[in-house]
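**Student:** A single structure is presented below for examination.
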Amino acid sequence: MMGKEQKTFAVLTGGGDCPGLNAVIRGAAKTLLNHNCKVYGVLDGFNGLVHGKFWELNYANLSGVLPRGGTILGTTNRDNPFHMAVQKDGKLEFCDMRDKVLANLQKYNIEALIDIGGDGTLAIGAKLARECGVKVVGCPKTIDNDIIGTERTFGFDTAVAMAMDAVDRLHTTAESHHRVMVLEVMGRYAGWIALYCGIAGGADAILIPEIPYNIESVAQKINQRRADGKQFSIVVVAEGAKPVGGTISVSRVVKDSFEPLRLGGAGNKVAEDLEKITGVECRCTVLGYLQRGGSPTAFDRMLSTRYGVAAAEACLRGEYNVMMSLQNDKIVPVDLQIAGSGSRNVPLDSELIRTGRQIGISFGD
């Protein structure tokens, strides 16, 4: 009797890098290899899918990747196969390259694609499934923790741990110099990182995109602390935070980019405004990409591995066009189409916000 035909799968990482990507790749690939499947890693995200850059994964090249940050496959947040930048006659044009994607998947006999990424990457995967018939299994990745359909994304815990360490370090210099120290953290249009690291780090004010702030309210908090004999304050600001009636701070605009608005400057604005109002010296620290680098925490290594194994198991069951989701501490499949349909923001009635208010944290409102 002839054996079952060996199935072949591909794994892709897209969008920004974050801790835990290699753990997902490892979890998915080793599970599939253990079931006699062939596994390819697609290099450089959707760019590799268009240009046929496939790398066969095996036990040897997966060895030692668990604690590594970034992605061994490479990534990009600029390439969308439905709107791909192509040089023609010295000019930049945008072309639909889905035919090349389909040709490469057929060339390598790919049964299904494991699509690891944030809302943009998952939205492209959902479109490949919906419009091109590609079998896709998604895994939610972003330090911002803002993907609809899951309670937690991998990479978030590592980013929060790094940001909390920064808050701890700022406390000592703030207290020594009687200053207000402002820490700007990532998160785009969601305040999860600021909220978690601010509460865990003992911040006095936390400004998040979901609650437009009144700078006078923040200044009142600082002045009250000084009146109570506390000569320093810590303010955590999400990069997408904005004042009441104002707009988010944009560091620059990049045309024809996957993410044209580059956020930045919110922390400096808060520091400048607070110094004018309170007369207290204010300094701002911007963590930036430090939050996305380095080795993943134990929690993220576990969560990433669970996501990878669950994605592989879905492939083995033939359950496609789903995203792996953390629900009540279990990994379950949800409809892939909802993954890129918007942003999961902090609810205004969140227990975390209530917790912060109860211990005296100002949210600027």
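The values are calculated or read from the model by the stated rules, or taken from the named source; none is laboratory data. No experiment lies behind these values; they were computed from the predicted model shown. Reconstructed Cβ throughout: ideal geometry from the backbone, glycine too, with neighbour counts over all protein chains shown. When the accessible area is computed, the model is the full protein with side chains, heavy atoms only, and any ligands, DNA or RNA have been set aside. Shrake-Rupley method; radii C 1.70, N 1.55, O 1.52, S 1.80 Å.
**Student:** With a 1.4 Å probe and every protein chain left in place, work out the accessible area per residue of the chain in Å², rounded to a whole number. Numbers along the way, then the final one.
**Tutor:** Working: 16070 Å² over 365 residues.
That works out to 44 Å² per residue.
**Student:** Could you check the simple spin-label distance between Tyr289 and Arg130, using points 7 Å along Cα→Cβ, in nm with one decimal?
**Tutor:** Those two pseudo-labels are separated by 3.2 nm.
**Student:** Let me ask another. Angle between the Cα long axis of helix 98-107 and the longest principal axis of the chain, 0 to 90 degrees, nearest 10?
**Tutor:** Its long axis makes an angle of about 50 degrees.
**Student:** Only bridges with both residues in the chain count here: give the DSSP antiparallel percent, nearest 5.
**Tutor:** Values: 18 of 52 bridges.
Taking every DSSP beta bridge with both residues in the chain, the antiparallel ones total about 35 percent.
**Student:** Please work out the Cα center distance from the stretch 116-181 to the stretch 76-98, rounded to the nearest Å.
**Tutor:** About 27 Å separates the Cα centre of the stretch 116-181 from the one of the stretch 76-98.
**Student:** Something else about it: Please compute the alpha carbon radius of gyration of the stretch 229-348, then divide it by the globular-protein estimate 2.2 N^0.38 Å. Two decimals is fine.
**Tutor:** Details: Rg = 20.5 Å, N = 120, 2.2 N^0.38 = 13.6 Å.
Here the Cα radius of gyration is 1.51 times the empirical estimate.
**Student:** Straight-line reach from Lys269: which aspartates and glutamates have a Cα under 14 Å away, not including same-chain ones fewer than 8 places off?
**Tutor:** Lys269 reaches Glu184, Glu216, Glu239, Glu281.
**Student:** Strictly over 27 Å apart at the Cα level, which of Lys100/Lys135; Lys38/Lys127; Lys30/Lys53; Lys53/Lys91; Lys107/Lys330; Lys30/Lys107 would you flag in this model? Intermediate results must be reported in sequence, preceding the final value.
**Tutor:** On the way: Lys100/Lys135 16 Å; Lys38/Lys127 25 Å; Lys30/Lys53 20 Å; Lys53/Lys91 25 Å; Lys107/Lys330 36 Å; Lys30/Lys107 23 Å.
Beyond 27 Å between Cα atoms: Lys107/Lys330.
**Student:** OK, next. In a shell of Cβ-Cβ distance under 14 Å around Ala312, excluding Ala312 itself, what net charge do Lys and Arg (+1) and Asp and Glu (-1) give?
**Tutor:** Working: positive: Lys7, Arg26, Lys30, Lys38, Lys135, Arg306, Arg317; negative: Glu111, Asp115, Glu313, Glu319.
Computed value for this residue: +3.
**Student:** How much accessible surface area, in Å² rounded to 10, belongs to the heavy atoms of Ile199 with a 1.4 Å probe?
**Tutor:** Accessible surface of Ile199 is approximately 50 Å².
**Student:** Please compute the Kirkwood hydrodynamic radius of the stretch 1-127 from all pairs of different C-alpha atoms, in Å with one decimal. Please report the intermediate quantities before stating the final value.
**Tutor:** Values: mean 1/r = 0.0657 Å⁻¹.
That comes to 15.2 Å for the stretch 1-127.
**Student:** Can I ask one more? Could you tell me what a quarter of the Cα convex hull surface of the stretch 136-190 works out to, in nm² with one decimal place? Show your work: numbers first, answer last.
**Tutor:** Numbers: hull surface 18.2 nm².
For the Cα atoms of the stretch 136-190, the hull's average projected area reads 4.6 nm².
**Student:** Given the protein chains as shown and a 1.4 Å probe, how many square angstrom of Trp55 are accessible, to the nearest 10?
**Tutor:** 90
**Student:** Using the beta-carbon distance between Arg354 and Asp273 and R0 = 22 Å, what value does 1/(1 + (r/R0)^6) give for FRET efficiency, to the nearest 0.05? Walk me through the numbers on the way to the answer.
**Tutor:** Details: r = 27 Å, r/R0 = 1.22.
E(calc), rounded to 0.05, equals 0.25.
**Student:** Could you state the angle between the C-alpha long axis of helix 215-227 and the longest principal axis of the C-alpha atoms of the chain, as a value from 0 to 90 degrees rounded to the nearest 10?
**Tutor:** Relative to the chain, helix 215-227 is tipped by roughly 60 degrees.
**Student:** Distance from a point 7 Å along Cα→Cβ of Lys230 to each backbone N in the stretch 330-365: keep the residues under 15 Å and list them by number.
**Tutor:** Under 15 Å, as judged by backbone N against the label point of Lys230, lie 356-364 of the stretch 330-365.
**Student:** Between Glu319 and Ala298, what FRET efficiency follows from the Cβ-Cβ distance if R0 is 35 Å, with the result rounded to 0.05? Walk me through the numbers before you get to the answer.
**Tutor:** Values: r = 29 Å, r/R0 = 0.82.
About 0.75, to the nearest 0.05.
**Student:** I'd like the accessible area for Glu175: 1.4 Å probe, protein heavy atoms, all chains in place, Å² to the nearest 10.
**Tutor:** The accessible area of Glu175 comes to roughly 110 Å².
**Student:** To continue, here is another question. Among [x] 1.75; [y] 1.08; [z] 0.96, which is the computed Cα Rg over 2.2 N^0.38 Å?
**Tutor:** Computed from these coordinates, Cα Rg over 2.2 N^0.38 Å corresponds to label [y].
**Student:** Show me the trypsin sites (Lys or Arg not before Pro) within the stretch 193-242 that DSSP assigns to loop and that have at most 11 other Cβ atoms within 10 Å of their Cβ. Spell out each step's value before the answer.
**Tutor:** Working: sites: Lys221, Arg225, Arg226, Lys230; in loops: Lys230.
Sparse-neighbourhood loop trypsin sites (Lys or Arg not before Pro): none present.
**Student:** Quick one: compute the contact order of the chain, relative version, from alpha carbon pairs under 8 angstrom and 6+ residues apart, as a percent. Let's see the in-between values first.
**Tutor:** Working: 862 pairs, mean separation 81.7, N = 365.
Contact order relative to length: 22 percent.
**Student:** Which whole-angstrom value gives the distance between the alpha carbon centres of the stretch 13-51 and the stretch 290-348?
**Tutor:** That distance is 14 Å.
**Student:** Rank Ile215, Ile114 by accessible area, highest first, at a 1.4 Å probe radius? Numbers along the way, then the final one.
**Tutor:** Numbers: Ile215 30, Ile114 0 Å².
Ranked list, largest accessible area first: Ile215, Ile114.
**Student:** How would Phe82, Phe94 rank on accessible area, largest to smallest, probe 1.4 Å?
**Tutor:** Values: Phe82 25, Phe94 65 Å².
Largest accessible area first, the list is Phe94, Phe82.
**Student:** Okay, next question. Round to the nearest 10 and give me the degree value, 0 to 90, for the angle of helix 156-177's Cα axis relative to the longest principal axis of the chain.
**Tutor:** 20
**Student:** Using a probe of 1.4 angstrom, how much of the accessible area of the chain is carbon and sulfur, in percent?
**Tutor:** Values: 7840 of 16070 Å².
Roughly 49 percent of what the probe reaches on the chain is carbon or sulfur.
**Student:** Shifting gears a bit: Of all DSSP beta bridges located in the stretch 1-101, what percent are antiparallel, nearest 5?
**Tutor:** Numbers: 8 of 13 bridges.
Bridges in the stretch 1-101 that DSSP calls antiparallel: roughly 60 percent.
**Student:** Additional query: Given Cβ point charges of +1 (Lys, Arg) and -1 (Asp, Glu) and nothing else, what value in debye, to the nearest 20, does the dipole of the stretch 130-238 about its Cα centre take? Don't jump to the answer; show the numbers that get you there.
**Tutor:** Numbers: 11 positive and 13 negative charges, 13 e Å.
Result for the stretch 130-238 is approximately 60 debye, rounded to the nearest 20.
**Student:** Additional query: Order Lys276, Lys242, Lys141, Lys91, most accessible first, counting only protein heavy atoms with a 1.4 angstrom probe.
**Tutor:** On the way: Lys276 165, Lys242 70, Lys141 10, Lys91 140 Å².
Reading off the accessible areas and sorting them downward yields Lys276, Lys91, Lys242, Lys141.
**Student:** Sticking with this structure for a sec: Between His178 and Lys330, what is 0.36 nm times their sequence separation minus the Cα-Cα distance? Round to one decimal in nm. Write out the running numbers ahead of the final one.
**Tutor:** On the way: separation 152, 0.36 × 152 = 54.72 nm, distance 4.60 nm.
Stretched fully, the His178-Lys330 segment lengthens by 50.1 nm.
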